[in-house]
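Encoded as structure tokens, the structure appears first; notes follow it.
Every number in this text was worked out from the coordinates using simple rules, so none of it is lab data. Source: prediction; values computed, not measured. A quick note on method: Cβ atoms are made from the backbone with ideal geometry, for glycine too, and the neighbour counts reach across all protein chains shown.
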Amino acid sequence: MNPNPVLALDEIDLADLAFWARPLEEREAAFEALRRERPIVHFEDPEPPPGVSFPVPLDGSGYWAVTRHADIVEASRDPEHFCSGQGATSIFDMPTEFLEFFGSMINLDDPRHARLRRIVSAAVTPRMVKKIGDEVQRSASLIVDDVIEKGKCDFVTDVAAKLPLRIICNMMGVPEPDHDLVFRQSNVILGAMDPEYVPEGADVTMALIAAAQELTQLMEDLARHRTERPGDDVTSALVTANVDGEQLTHQELASFFILLVVAGNETTRNAISHGMKLLTECPDQRDAWVADFEAMAPTAVEEIVRVASPVIFMRRTATEDVTLGGVRLPEGAKLLLFYWSANRDVAVFDDPYRFDIRRDPNPHLGFGGPGPHFCLGAHLARQEITTMFRELLGRVPGIHTTGDPERLLSNFINGIKHLPVAVA
Ligand code: HEM
């Protein structure tokens with residue numbers, strides 16, 4: 001069903017955090033209107049939320065919201081004109097060291113981006129992929145054991161959040177007692193605008209830096225340890241030279257780890273949580289998937305990622321005066337590529353508000369557009385989502401939500417913080 005418009009075009013202000021607190025249907029309707037009427041539109045800089053101080057003063061240039069699928073694909077494919085090096089995750093400009101510290105390769109352009117991506121890709125050998133796959137299966141099975149015992153639970157904290165966190169930590173060799181620290185700090189980094197994670201009145205910038213420092217310390221200790229005594233994990237492979245003599249410095253490793261825990265954790269967690277919600281709302285889709293799980297899994301998982309769109313946008317910056325979708329953009333223009341909007345674009349998706357586990361083709365942009373920054377963890381994310389639902393639908397097919405989701409207040413992550421479920 002199509003969302004009913006509530007806001008008039010001129011009332012839509014994506015820069016106002018209050019917009020993101022509006023009901024989902026209103027936001028969907030607003031984006032639909034933008035795609036139709038003003039597909040690339042300029043907004044003023046957002047007001048910094050209370051407690052936020054920016055390391056670099058706002059330059060007053062505002063940003064451009066890119067909402068159509070075709071324009072986002074075009075910008076993603078053209079990193080020479082639309083770069084990531086001035087920041088991919090923040091609307092505001094940040095000092096370069098800050099960007100690298102928090103974002104690693106996601107905030108870099110080639111050739112530095114390509115170097116990091118090459119080293120990281122080489123570190124994940126087929127043997128490691130197999131080991132990670134076994135771990136995904138084992139963890140999902142243990143998580144479902146717990147759910148069965150409890151009968152009802154908070155699906156986000158008891159199920160969806162547990163799997164990706166365990167997998168990333170195990171992949172990197174983080175000891176089990178430190179998993180909880182990683183969970184708390186990643187919540188702070190991605191949920192900084194939400195008072196559940198950073199209390200109102202607190203200095204958000206300081207909270208972010210403190211969270212990143214804790215993760216850095218953890219990784220530096222681990223890197224030292226693994227340099228002396230390499231083990232069978234990705235950290236060991238990253239700190240010891242590969243066949244081409246390449247390796248990461250400890251600082252690069254810490255930044256990459258911060259990227260992994262935020263990029264790989266919250267995103268997959270939210271895809272799984274949205275999946276649970278969607279399957280409850282659409283029992284015909286759930287029944288179809290239960291009836292033939294393996295045959296449906298590949299398209300069902302893509303459809304969950306499309307509808308969930310866990311990452312709402314990524315930023316690019318125009319490297320020179322350039323035209324996109326017929327709009328002239330000046331050098332330095334900040335563009336927010338709204339994947340969430342592209343994934344509901346009628347020009348590409350029939351009946352885009354319908355959750356259809358058989359949707360094929362499904363060229364969604366949930367993992368980013370085609371280009372050098374396409375999600376490095378897409379394969380792992382698909383594997384985790386598939387395994388989690390195989391376990392759930394195979395062992396507790398009656399599991400369903402029993403209340404509304406509590407949503408994360410964020411313009412960046414389409415997050416669910418809590419979701420009550422019952423097993424039967
Ligand atoms: C459903 C789950 C996931 C979603 C929706 C998602 C989404 C995205 C998106 C939209 C980008 C593009 C960034 C850009 O173009 O600027 C990205 C990049 C990235 N993702 Fe994912 N991601 C998911 C899971 C994961 C997992 C599980 C990992 C790793 C364990 C991961 C690691 C990364 C990394 C390292 C990048 C940066 C790649 C680069 O800059 O070259 N992601 N992801």
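What do you get when you divide the Cα radius of gyration of the chain by 2.2 N^0.38 Å, with N the number of residues?
0.95
Let me confirm the definition first: pairs of Lys residues in the chain, 8 or more apart or on different chains, C-alpha distance under 22 Å. How many are there?
Close lysine pairs under the 22 Å cut-off: 11.
In percent, how large is the relative contact order of the chain, given Cα pairs closer than 8 Å and 6 or more residues apart?
Rounded, it is 23 percent for the chain.
Just to be sure I understand the model, the point goes 7 Å from the Cα along the line to the Cβ. What's the resulting PHE374 to GLU294 distance in nm?
With each label point 7 Å from Cα toward Cβ, the separation is 2.7 nm.
Specify the longest stretch of the chain that does not include any exposed loop site, a site being one of the trypsin sites (Lys or Arg not before Pro) with a non-H, G, I, E, B DSSP assignment and at most 16 other Cβ atoms within 10 Å.
In short, 78-353.
Taking the C-alpha atoms of segment 103-244, how large are the radius of gyration and the largest Cα-Cα span, Dmax, in Å?
17.4, 52
For the chain, which longest stretch is free of loop sites, where a loop site is one of the chymotrypsin sites (Phe, Trp or Tyr not before Pro) that DSSP puts outside H, G, I, E and B and that has at most 16 other Cβ atoms within 10 Å?
The answer is 1-352.
Which log10 I(q)/I(0) values, to two decimals, does segment 193-344 give at q = 0.11, 0.12, 0.17 Å⁻¹ under the Debye formula with one point per Cα?
-0.78, -0.89, -1.09
For PRO372, what charge total do you get from the other residues with a beta carbon under 11 Å from its beta carbon, if Lys and Arg give +1 and Asp and Glu give -1?
That works out to -2.
Could you give me D for segment 48-184, from Stokes-Einstein at 37 °C and 0.692 mPa s, where the hydrodynamic radius is the Kirkwood radius over C-alpha pairs? Units µm² s⁻¹, please.
On the way: Rh = 18.8 Å.
In µm²/s, the coefficient rounds to 174.
Could you give the length gained on full extension between ASP360 and ALA347, defined as 0.36 nm per residue of separation minus the Cα-Cα distance, in nm?
That works out to 3.2 nm of additional length.
If you take every DSSP beta bridge whose two residues both sit in the chain, what share of them, in percent to the nearest 5, is antiparallel?
Percent antiparallel among DSSP bridges in the chain is about 90.
Under a GNM of the chain (C-alpha, springs under 10 Å), which listed residue has the highest mean-square fluctuation: VAL239, VAL136, VAL322?
VAL322
In percent, what relative contact order does segment 288-332 have, based on Cα pairs under 8 Å that are 6 or more apart in sequence?
Working: 23 pairs, mean separation 10.1, N = 45.
23 percent.
Relative contact order of segment 308-382, please, whole-number percent, based on alpha carbon pairs below 8 angstrom and at least 6 residues apart. Don't skip to the answer; put the middle values down first.
Numbers: 83 pairs, mean separation 20.5, N = 75.
Here the relative contact order equals 27 percent.
Kyte-Doolittle mean at least -0.5 and Cα extent at least 24 Å along the axis: which DSSP H helices of the chain qualify?
Going by DSSP H runs, the hits are 126-150, 204-228, 378-395.
Let me have the 222 nm mean residue ellipticity of the chain computed from DSSP H runs of 4+ only, each contributing -39500 (n - 2.57), with the sum over all residues rounded to the nearest 500. Don't skip to the end; give the middle numbers.
Values: 16 runs with 199 residues, N = 424.
So the calculated ellipticity at 222 nm is -14500 deg cm²/dmol.
With +1 assigned to the C-beta of every Lys and Arg and -1 to the C-beta of every Asp and Glu, and no other charges, what is the dipole magnitude of the chain about the Cα centre in debye, to the nearest 20?
Working: 40 positive and 65 negative charges, 214 e Å.
With only Lys, Arg, Asp and Glu charged at Cβ, the dipole is about 1020 debye.
Suppose we keep just the alpha-carbon trace of segment 204-279; what are its Rg and Dmax in angstrom?
Taking only Cα atoms of segment 204-279, I get Rg and Dmax of 15.7, 48 Å.
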